[in-house]
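So the structure is just underneath, and the comments pick up after that.
The values are calculated or read from the model by the stated rules, or taken from the named source; none is laboratory data. What you see is a predicted model, and the numbers here were worked out from it, not measured in a lab. Cβ placement follows ideal geometry from the backbone for every residue including glycine, while neighbour counts extend to all protein chains displayed.
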Amino acid sequence: MDKGQFAILRFAKYKGPEISNIEAHNERTKEKYASNPDVDTNRSKNNFHIIQPTDKYRAMSEALIKQYDCPRVRSDSVRIVETLITASPEFFKGKKKSEIRGFFEHAVEFLKKELGEDRLISAVVHMDEKTPHMHVSFVPITQDGRLSAKLILGNRKTLTAWQDRYWKHMVGKYPELERGESASKTGREHIPPRVFKQAANLNKQATRIFALLQDTNPFNAKKNAAELDRLLRKIFPEMGKFATKLKQYDQTIKGLERSKKNLTEKNAALEQELKEATTVKTSKKLEEAQLKADLYNLQRVMDAIPPEIVFRYSGKAMNRERGIADEM
């Protein structure tokens, strides 16, 4: 059975320090991408821009806000909206780079017409991950000169209309594309791919920590201690950031946290979900089932780590140590 080919359009809002983080990811200014193991830096030379930024994202947004003399701009106003544009992996199979560029150029034309060309500050296509995709960053200034992501993106109904208009624009040139199921129908907020990747990455780190704890003996204690110290100092700050990010998707991930009770029954249910997710229509279910499994296993492994070690490397304990050091 042929798999469906879906047009994908997603939005995410950013303000403050978050802007520099997404810029570093989009523009590939970092040497390593620990939170996103799918990035193959050897292939990053194949990435390309449809719109090349002329300055830092934050600087460009502030300049545009000043140019339009936007009223009532607050320090916590959303200054950048990032649009993720891609399609199902099957759509890109067998396509040349020029054809892939043509697809993303056509998508950018849609955003130019919807938002105004000058609001778009960057459009970069990533070819160094599993599926080609584009990050388009724009400053959410309305047609009457107000800075308001809320007015532009609106509510679920408005976002559904965005999806409809985008699909109509794309299907005119690419009739094989299908309209994806909207969030208003599923009742779920889109979870960005990086959340799934971070869960899987943290899961691997936690499993490695647990294995080192189990494997430590008098002959390898010194070596293991050094490796454990490195891993533990890394994982707790990352878990803190990850937990903060998950709060944005409470309604979607609600109920994914698992208790320790009925371990066998719960594992069997997860395995069954993974087995059922074999078609394109259930591919979303596969992703969600995998996220459930990763979150559950992460919690289970972390619960198994001795409390004194968790306390030793948690933010509170490390902050307390810093405070003592400062007093000395």
Check your understanding: Just for region 133-152: of the residues that are buried (at least 16 other Cβ atoms within 10 Å of the Cβ) and among the hydrophobic types (A, V, I, L, M, F, W, C), which one is farthest from ASP55 (Cα to Cα)?
Key -> ILE152
**Study point:** Contacts under 6 angstrom Cβ, first residue in region 148-177 being of a type in the set (A, V, I, L, M), partner surrounded by 13 or more Cβ atoms within 10 Å (Cβ to Cβ) and assigned to a helix (DSSP H, G or I), 6 or more apart
**Key:** LEU177/MET170; LEU177/VAL171
Practice item. Just give me the residues in region 161-185 being among the charged types (D, E, K, R), closer than 21 Å to LEU111 by Cα and at pLDDT below 80, in sequence order. Key: ARG179, GLU181
Practice item. Please find, within region 70-122, the residue that is nearest to ARG10 (Cα to Cα) out of those that are loosely packed, with under 14 Cβ neighbours inside 10 Å and basic (Lys, Arg). Key: LYS113
Review point. Regarding ARG188, is this residue of a type in the set (D, E, K, R) and modelled with pLDDT under 60?
Key: yes
